[in-house]
Amino acid sequence: MRSLLQPRYIRMHARDNVAVVVSAGGLAAGSRFPCGLVLVEVIPEAHKVALADLAAGDAILRYGVVIGYANRAIPRGSWVHEDLMTLPEPPSLEDCPLATAVPAPLPALEGCTFEGFRNADGSAGTKNILGISTTVQCVAATVGYAVKRIKSEILPHYPNVDDVVAITHPYGCGVAIDAPGAAVPIRTLRNLSLNPNFGGEILVVSLGCEKLQPVRLMSAGMLPVLEDEPSVAVMQEAQHGFGEIVANIMQLAEKKLKKLDKRRRVSCPASDLVVGLQCGGSDALSGVTANPAVGFAADLLVRAGATVMFSEVTEVRDAAHLLTARAATPGVARDFIREMAWYDEYLRLGGADRAANPTPGNKKGGLANIVEKAMGSIAKAGSTALMAVTGPGERVTQKGLVFAATPASDFICGTLQLAAAMNMHIFTTGRGTPYGLSVAPVIKVSTNSGLAERWSDLIDIDAGRIASGKATVEEVGREIFSLILDVASGRKKTWADRWGLHNEFVLFNPGPVT
Ligand code: CA
């Protein structure tokens with residue numbers, strides 16, 4: 001036990017001149033580490049300590065990379081925080097290496113399966129949900145009303161269907177529907193209704209006069225499906241008021257429920273999993289505990305043939321040069337650079353840059369700036385080659401590690417990852433969030449044990465055991481992997497699903513409103 005009580009820090013790379021204090025509750029001035037280092041001041045848990053004397057202008061190294069420059073002399077044993085550091089320039093996109101360090105494929109992991117719902121398009125669901133898509137916000141409250149009645153009056157007769165979810169949103173009218181940016185929310189809505197957990201059944205509720213007409217929402221390939229059987233309810237076609245409108249939606253919904261109810265879970269290879277990775281409320285331990293453990297699980301998933309997607313442009317921007325080097329081909333690297341450049345411009349037009357990303361909570365949790373946050377964030381992506389890059393709201397079809405470009409905002413990223421066909425979500429957090437999604441299960445992994453203890457009925461896995469030396473990155477990574485298979489099979493439920501904590505769909509609309 002004695003060794004656990006000794007002051008502890010974790011240094012990520014041999015070159016690093018700072019390390020993260022991992023002793024619970026932080027450490028007092030005068031605390032002495034086994035290596036002889038003595039703290040000259042109080043350092044909170046998850047914050048950085050200087051391992052060497054730093055002069056003004058010296059590079060501050062964590063993860064083996066420059067996370068900032070000292071703006072004054074920092075003696076060994078001091079607390080290295082945001083106010084003492086200058087932010088480095090982001091890596092130049094012109095100079096990023098293209099597929100120069102492609103990792104060799106890891107040995108395949110055979111025989112990993114889960115019990116899922118097989119879909120006609122070859123994908124597999126981890127839930128069996130009736131989704132009701134909407135073209136415009138005008139119908140949202142009506143659909144909400146109808147869904148409440150469907151859930152209480154009809155759904156109990158179809159016990160093999162897990163849920164009924166209304167895909168409601170603020171888009172659809174009052175927008176410049178032909179502006180280039182409009183393509184993003186429109187394809188997001190289209191691809192959301194194609195999520196594998198909706199079983200290929202499409203039901204659309206439209207107002208009638210809106211800019212986003214049902215034919216525009218659905219792709220050409222989906223139109224025959226809509227024509228085959230009535231799947232669109234247009235409110236303005238009703239002759240007998242609200243009662244008729246609701247009855248019509250309920251009738252169409254029951255037809256879909258009948259079909260969905262016939263489905264049963266069957267054994268599916270793990271390669272049918274599309275696992276989205278995200279973090280929210282990060283701290284300096286994110287890159288030490290939870291994200292490396294998720295990265296280990298990501299490698300196992302890739303080895304099992306699954307799709308693993310990471311996102312959050314502003315949180316990978318400072319690692320662009322590392323990720324383009326890891327791209328499987330120069331073309332994939334160029335796709336990645338294109339998404340970074342698009343987002344740089346998007347932020348510039350808004351009068352901001354990637355430094356706008358970290359939150360007060362991130363900083364309180366020990367993350368000095370976006371470079372440090374990014375280096376911790378990409379640990380989630382494991383160690384395999386980057387196989388493909390997709391734009392916001394596009395559907396991901398490639399297996400292996402994929403970058404799906406999205407903002408870092410938790411709900412927008414989650415919504416866009418669902419549009420990309422995500423059927424399982426892993427979410428790491430240090431500060432804590434009750435985040436959840438209705439469409440795909442969200443497994444929450446805490447970076448520190450304090451959070452996992454305080455929120456034992458919200459956090460699914462405690463990766464803080466890595467900081468205290470009670471578990472290794474590999475052990476927690478394997479735990480995450482097996483929990484993914486259990487939850488995907490319906491054998492276990494996440495805390496968010498047990499409580500029914502489901503955040504709203506939030507679209508990314510870079511286009512103008514009118
Ligand atoms: Ca996020």
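Restricting the stretch 390-443 to residues that are small (Gly, Ala, Ser) and not in a loop (DSSP other than H, G, I, E, B), the residue that is nearest to the ligand (Cβ to nearest atom) is GLY414.
Does the stretch 307-322 contain any residue that is more than 18 Å from the chain's Cα centre (by Cα) and open to solvent by 10 Å² or more (accessible area, probe 1.4 Å)? Yes; the residues of the stretch 307-322 include at least one that is more than 18 Å from the chain's Cα centre (by Cα) and open to solvent by 10 Å² or more (accessible area, probe 1.4 Å).
Yes or no: GLY68 open to solvent by less than 20 Å² (accessible area, probe 1.4 Å) and of a type outside the set (S, T, N, Q)? Answer is yes for this residue. For the stretch 444-476, a residue qualifies if it is assigned to a helix (DSSP H, G or I), touching a residue at least 24 places away in the same chain (Cβ under 8 Å) and closer than 15 Å to ASP283 by Cα, and the qualifying residues are SER449, GLY450, ALA463, GLY464, ILE466.
A search for C-beta distances below 9 Å between a residue of the stretch 272-298 that is assigned to a helix (DSSP H, G or I) and any residue that is within 16 Å of the ligand (Cβ to nearest atom) and of a type in the set (D, E, K, R), counting only pairs 6+ apart in sequence or on different chains, returns ALA290/LYS380; ASN291/LYS380; PRO292/LYS380; VAL294/LYS380; GLY295/LYS380; ALA298/LYS380.
Do we find a residue being open to solvent by 20 Å² or more (accessible area, probe 1.4 Å), within 25 Å of the chain's Cα centre (by Cα) and over 25 Å from ARG265 (Cα atoms) anywhere in the stretch 190-203? Yes, the stretch 190-203 contains at least one residue that is open to solvent by 20 Å² or more (accessible area, probe 1.4 Å), within 25 Å of the chain's Cα centre (by Cα) and over 25 Å from ARG265 (Cα atoms). Taking the criterion of being surrounded by 18 or more Cβ atoms within 10 Å (Cβ to Cβ) and small (Gly, Ala, Ser), the only residue of the stretch 493-510 that qualifies is ALA496.
Return the residues of the stretch 323-337 that are farther than 17 Å from LYS399 by Cβ, buried (at least 22 other Cβ atoms within 10 Å of the Cβ) and either among the β-branched types (Val, Ile, Thr) or within 16 Å of the ligand (Cβ to nearest atom) (or both); say none if nothing qualifies. THR324 - this is the single residue of the stretch 323-337 that is farther than 17 Å from LYS399 by Cβ, buried (at least 22 other Cβ atoms within 10 Å of the Cβ) and either among the β-branched types (Val, Ile, Thr) or within 16 Å of the ligand (Cβ to nearest atom) (or both). Within the stretch 382-389, is there a residue that is open to solvent by less than 10 Å² (accessible area, probe 1.4 Å), in a strand (DSSP E or B) and within 12 Å of the ligand (Cβ to nearest atom)? Within the stretch 382-389 (the criterion being open to solvent by less than 10 Å² (accessible area, probe 1.4 Å), in a strand (DSSP E or B) and within 12 Å of the ligand (Cβ to nearest atom)), the answer is no, since none of the residues qualifies. Only one entry of SER92, SER123 meets the criterion of being within 30 Å of ASP261 (Cβ to Cβ) and either under 28 Å from the mean Cα position of the chain (by Cα) or open to solvent by 70 Å² or more (accessible area, probe 1.4 Å) (or both), and that entry is SER123.
Residue check: LYS256 meets all listed conditions (1) touching an Asp or Glu at 6+ places or on another chain (Cβ under 6 Å); (2) assigned to a loop (DSSP other than H, G, I, E, B) but one, namely (2). Residues in the stretch 114-149 that are under 18 Å from LEU273 (Cβ atoms) and outside any loop (DSSP other than H, G, I, E, B): PHE114, GLU115, GLY116, PHE117, ARG118, ALA124, GLY125, ILE129. Screening SER489 with (1) open to solvent by 20 Å² or more (accessible area, probe 1.4 Å); (2) farther than 25 Å from GLY393 by Cα; (3) out of contact with any helix residue (DSSP H, G or I) (no Cβ under 8 Å at 6 or more places or on another chain) gives one miss only, at (1). Among the residues of the stretch 286-316, those identified as in contact with a strand residue (DSSP E or B) (Cβ under 7 Å, 6 or more places away or on another chain) and within 16 Å of the ligand (Cβ to nearest atom) are SER286, ALA290, ASN291, VAL294, MET309, PHE310, SER311, GLU312.
Filtered by the rule that a residue be more than 30 Å from LEU483 (Cα to Cα), open to solvent by less than 40 Å² (accessible area, probe 1.4 Å) and not small (Gly, Ala, Ser), the stretch 95-120 gives a lone residue, CYS96.
The values are calculated or read from the model by the stated rules, or taken from the named source; none is laboratory data. Source: prediction; values computed, not measured. In this analysis, Cβ positions are derived from the backbone assuming ideal geometry, glycine residues included, and neighbour counts consider all displayed protein chains. Accessible surface areas use protein heavy atoms only, side chains included; no ligands, DNA or RNA. Shrake-Rupley method; radii C 1.70, N 1.55, O 1.52, S 1.80 Å.
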